[in-house]
1. Would you check which residues across the stretch 38-60 are at pLDDT 85 or above and of a type in the set (Gly, Ala, Ser) and list them?
2. When you check Leu48 against the structure, is it at negative phi, out of contact with any His (no Cβ under 7 Å at 6 or more places or on another chain) and in contact (Cβ under 8 Å) with a residue 40 or more places away in the chain, yes or no?
3. With the structure loaded, tell me whether Leu17 is hydrophobic (A, V, I, L, M, F, W, C), at pLDDT below 95 and within 19 Å of Ile85 (Cα to Cα) or whether it fails that test.
4. For the stretch 46-98, give me each residue that is among the basic types (Lys, Arg) and closer than 18 Å to Leu29 by Cβ.
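The values are calculated or read from the model by the stated rules, or taken from the named source; none is laboratory data. Note that the structure is predicted; figures quoted are calculated from it, not measured. Heads up, the Cβs are rebuilt from the backbone with ideal geometry, glycines too, and the neighbour counts pull from every protein chain shown.
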Amino acid sequence: MENEEKKRIRLFWHPFLSPAWLVSRAVILIIFFIVLHLLGFREEVSFLSGTPPEGGVHDYAAIIKGVVYALSYFSAWVLVPILLIAAPISIGLKAFLLKKG
């Protein structure tokens, strides 16, 4: 029985699930989004409304920039809050499992 509890606690001590890892990934995603925004990738998202890029329909670089910016935008507004909420939950789960064990 004690071995199973140690395995459960060890799972939450894994670096992948640590609060520091979660917060660091959230910061990395935000920084990536800010860099793309400052580089002007936002202007290339016009393909979402069906408007062709300035270079024409065959300007694949502009389309790729738009897709990368859109993905970073959605990750900044969807994934980052999830990661930042999961960090304190992870701390609470660790404390609960250590008290229980």
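1. Gly40
2. When the stated conditions are applied, Leu48 does not pass them.
3. Against the criterion (hydrophobic (A, V, I, L, M, F, W, C), at pLDDT below 95 and within 19 Å of Ile85 (Cα to Cα)), Leu17 qualifies.
4. Matches in the stretch 46-98: Lys65 only.
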